[in-house]
1. For the range 87-132, how many residues are near the ligand (Cβ under 10 Å from one of its atoms), surrounded by 17 or more Cβ atoms within 10 Å (Cβ to Cβ) and small (Gly, Ala, Ser)?
2. When only residues in the range 61-86 that are within 16 Å of the ligand (Cβ to nearest atom) and within 21 Å of Asp128 (Cβ to Cβ) count, which is surrounded by the most Cβ atoms within 10 Å (Cβ to Cβ)?
3. If you check Asp107, Asp128, Asp100, which single one turns out to be in a loop (DSSP other than H, G, I, E, B) and modelled with pLDDT of 95 or more?
4. Applying the selection to the range 63-80, what residues are in contact with an Asp or Glu (Cβ under 9 Å, 6 or more places away or on another chain) and either in a strand (DSSP E or B) or among the polar types (S, T, N, Q) (or both)?
5. Report, by residue number, each residue of the range 31-60 that is more than 12 Å from the ligand (Cβ to nearest atom) and without any contact (Cβ under 8 Å) to a residue 24 or more places away in the chain.
6. Answer yes or no: is there a residue in the range 9-23 that is part of a loop (DSSP other than H, G, I, E, B) and in contact with a Phe, Trp or Tyr (Cβ under 9 Å, 6 or more places away or on another chain).
Amino acid sequence: MDLKELCPVLRFADLGDERGKLVVIEGGEAVPFEIKRVFYIYGSDATVVRGQHANRESQFVLTNVAGKSKVRITDGTEDIIIELDKPMMGVYIPPMLWKDMYDFSSDSVLLVLASTHYDGSEYIRDYDEYLKEIGKNMTYISG
Ligand code: TYD
């Protein structure tokens, strides 16, 4: 499966009417896991790169509820870039993919839904370690 299939762009139910917008995201439905944690990132700007890690366990859905940002996802071979610029769109990210979030607009509020409670030990924050764990380390051992 390629990265576009592994990381589908999701469309959330938009129940807006003349009173304004209403976007609904239900765990186990629009999001393919039960949501255990929600966090959001704001106050970053176009010079900041966040993320820069892979997770051994956690699945995530990212959506910009305001403003825009980009997420680059790689498996060490291919990479895709998704622009999050609508509150009714998100991207699903399964475990063991490396991600960077960047190019935040000044009004960006990036909402992250996670399948796990926070556990720092399931984060891989070193890219070489990530490549090693997925069996793509570049070290050639002759023999
Ligand atoms: P970090 O993982 O660097 O944020 P991001 O990768 O999304 O840019 O997290 C910053 C700090 O916050 C770090 O010390 C870990 C802590 N943290 C929690 O305690 N709980 C959480 O759910 C998250 C996402 C981070």
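1. Residues flagged as near the ligand (Cβ under 10 Å from one of its atoms), surrounded by 17 or more Cβ atoms within 10 Å (Cβ to Cβ) and small (Gly, Ala, Ser) within the range 87-132 amount to 1.
2. Ranking the candidates gives Ile73 first.
3. Of Asp107, Asp128, Asp100, the one residue that is in a loop (DSSP other than H, G, I, E, B) and modelled with pLDDT of 95 or more is Asp107.
4. Asn64, Ala66, Ser69, Lys70, Val71, Arg72, Ile73, Thr74, Ile80
5. Thr47
6. Within the range 9-23, none of the residues are part of a loop (DSSP other than H, G, I, E, B) and in contact with a Phe, Trp or Tyr (Cβ under 9 Å, 6 or more places away or on another chain).
The values are calculated or read from the model by the stated rules, or taken from the named source; none is laboratory data. Predicted, not measured: the structure shown is a model, and the values here were computed from it. Methodologically, a virtual Cβ is constructed for each residue, glycine included, from the backbone with ideal geometry; neighbour enumeration extends over all protein chains shown.
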